[in-house]
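*Asks:* One structure coming up, written as structure tokens, with questions to follow.
Please treat every number below as a calculation from the coordinates, not as lab data. As the structure is a prediction and not an experimental result, all values here were calculated from the model. Virtual Cβ from ideal backbone geometry, glycine too; neighbours counted across all protein chains shown.
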Amino acid sequence: MLSRIAEYHYWMGRYIERAENNARVVGDFYQTQLDNYTDGNLGWGMVLEITGERANYQKQFSAVHAAEVENYLTFNPTNPNSILSCLTQARENARGIRDQISSELWLALNRLYLEIRETRWEGMGDAQAVNFYERIKEQSQLIDGLAHSTILRGTGWHFIRLGRFLERAIQVSRILGVRYAYLQTTTSPETNLLTSQQAQQWYSLLRSVSCFEVYLKLYRATLVPQHVVELLVLHPDAPRSVRFAVNKVHSTLAALVQQPSPGYRHEAQRLAGRLDATLAFTTSGEIDQQGVVPYLRKVEAALNQIGEHIHHIYFKYPAPQGHLQTQTLSQL
């Protein structure tokens with residue numbers, strides 16, 4: 001497969017996953033504002049940090065205001081990581097491989113893009129806004145299902161999976177790391193219980209990554225921050241945990257080089273295998289000893305390094321004049 005075609009598959013997967021995760025974060029914060037557990041503008045500052053857009057936002061706006069942040073993260077075309085920009089770029093990548101993906105997948109992605117492009121609303125906590133973010137999540141899952149069920153299990157399909165799972169691992173690491181730092185949880189040494197307000201914030205975190213019900217099944221109703229970290233970072237079967245996503249990145253890279261046996265063919269595969277093994281043999285106690293936020297920053301840095309090596313190994317080629325592709329290493 002040509003590097004250009006492989007890159008289109010890969011970035012289509014990454015941009016769809018990025019749009020979905022941004023919709024999860026922004027949509028969840030809309031809902032949790034109704035519980036009034038934190039100052040609205042402070043919370044929107046946290047959302048900017050999760051999406052990695054605080055510095056860029058501050059270049060355009062003097063202060064954090066809810067309506068401006070929401071619009072910047074959702075519709076602003078100058079923000080390359082806004083939901084609209086992500087879906088626009090996913091659609092452009094899909095257009096480049098129109099003959100390699102199914103008609104169902106293309107129609108679903110194109111329909112979602114056209115719908116988002118025409119959507120606007122005003123007012124905080126508006127039901128239309130909440131439903132909007134829910135729809136993005138649902139349509140992203142539909143697109144993922146169509147890719148899984150209508151595309152040949154060839155090289156292109158593997159690159160879509162590689163993009164989606166690498167992006168998912170990065171996003172979950174960032175969401176947990178930023179929100180963990182903001183929560184600044186204090187617990188009673190005697191009871192190890194959270195206040196109702198603290199528990200509400202942790203439940204919000206779990207909802208933002210669709211792990212609330214999974215947590216209740218595994219740990220019952222008692223909410224312990226260490227268990228949340230254990231679930232989102234180390235659980236091998238939770239589809240939105242960092243370990244699950246990293247394992248898929250590792251196995252997909254092995255499939256691309258057709259090497260099921262131990263070993264590696266290139267640096268991206270080696271780094272993914274090392275991170276996969278590290279997560280498999282790490283305990284939540286060890287993460288506590290290192291510090292949750294520093295540990296997650298190391299994981300995110302390792303994932304970005306894997307992304308850089310994937311770029312250099314598979315996609316680094318001279319771009320023709322007038323090439324419209326916008327993805328760069330700064331967006332990894």
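*Asks:* Got the relative contact order for the chain handy, in percent, Cα pairs under 8 Å and 6 or more residues apart?
*Replies:* On the way: 391 pairs, mean separation 74.5, N = 332.
Relative contact order of the chain: 22 percent.
*Asks:* Starting from the Cα of LYS316, draw a straight line to each of the lysines and keep only those under 28 Å, dropping any in the same chain fewer than 8 residues away.
*Replies:* LYS248, LYS298
*Asks:* Turning to a different aspect of this structure: Report the Cα centroid-to-centroid distance between the range 74-91 and the range 1-24 in angstrom, as an integer.
*Replies:* Each part's Cα centre sits 13 Å from the other's.
*Asks:* While we're on this one: If you look at just the Cα atoms of the chain, how large are its Rg and its Dmax in Å?
*Replies:* 19.7, 66
*Asks:* Shifting gears a bit: Nearest 500 deg cm²/dmol is fine: what mean residue ellipticity at 222 nm does the chain get from its DSSP H runs of n ≥ 4 alone, each adding -39,500 (n - 2.57), divided by its residue count?
*Replies:* Numbers: 15 runs with 221 residues, N = 332.
It comes out at -21500 deg cm²/dmol, rounded to the nearest 500.
*Asks:* Reachable lysines from LYS217, Cα under 16 Å, same-chain residues fewer than 8 places away excluded?
*Replies:* none
*Asks:* Now for a different question. Within the P(r) computed for the range 153-318, what percentage of the Cα pairs occupies the region above 22 Å? Don't skip to the answer; put the middle values down first.
*Replies:* Numbers: 6138 of 13695 pairs.
Within the range 153-318, distances greater than 22 Å cover 45 percent of Cα pairs.
*Asks:* Just the number, please: Stokes-Einstein D of the range 149-248 in µm²/s, Kirkwood Rh from C-alpha pairs, 25 °C, 0.890 mPa s. Kindly include the intermediate steps, with their values, before the conclusion.
*Replies:* Working: Rh = 14.8 Å.
It comes out at roughly 166 µm²/s.
*Asks:* Still on this structure: What does the highest-first list of 17-25, 60-68 look like by mean Cβ count within 10 Å?
*Replies:* Numbers: 17-25: 25.8, 60-68: 12.8.
Averaged packing, sorted descending, gives the order 17-25, 60-68.
*Asks:* Moving on. Taking the mean number of other Cβ atoms within 10 Å as a proxy for protection, how do you rank 72-84, 162-174, 107-119 from highest to lowest? Walk me through the intermediate numbers first.
*Replies:* Numbers: 72-84: 19.4, 162-174: 26.2, 107-119: 16.3.
The most tightly packed comes first, giving 162-174, 72-84, 107-119.
*Asks:* Kirkwood Rh, Cα Rg: Rg to Rh for the range 1-151?
*Replies:* Computed over Cα atoms, the ratio is 1.01.
*Asks:* Quote to one decimal, in nm, the extra length available between SER3 and TYR219 on full extension: 0.36 nm per residue of separation minus the C-alpha distance between them.
*Replies:* Using 0.36 nm per residue and subtracting the Cα-Cα distance, I get 73.3 nm.
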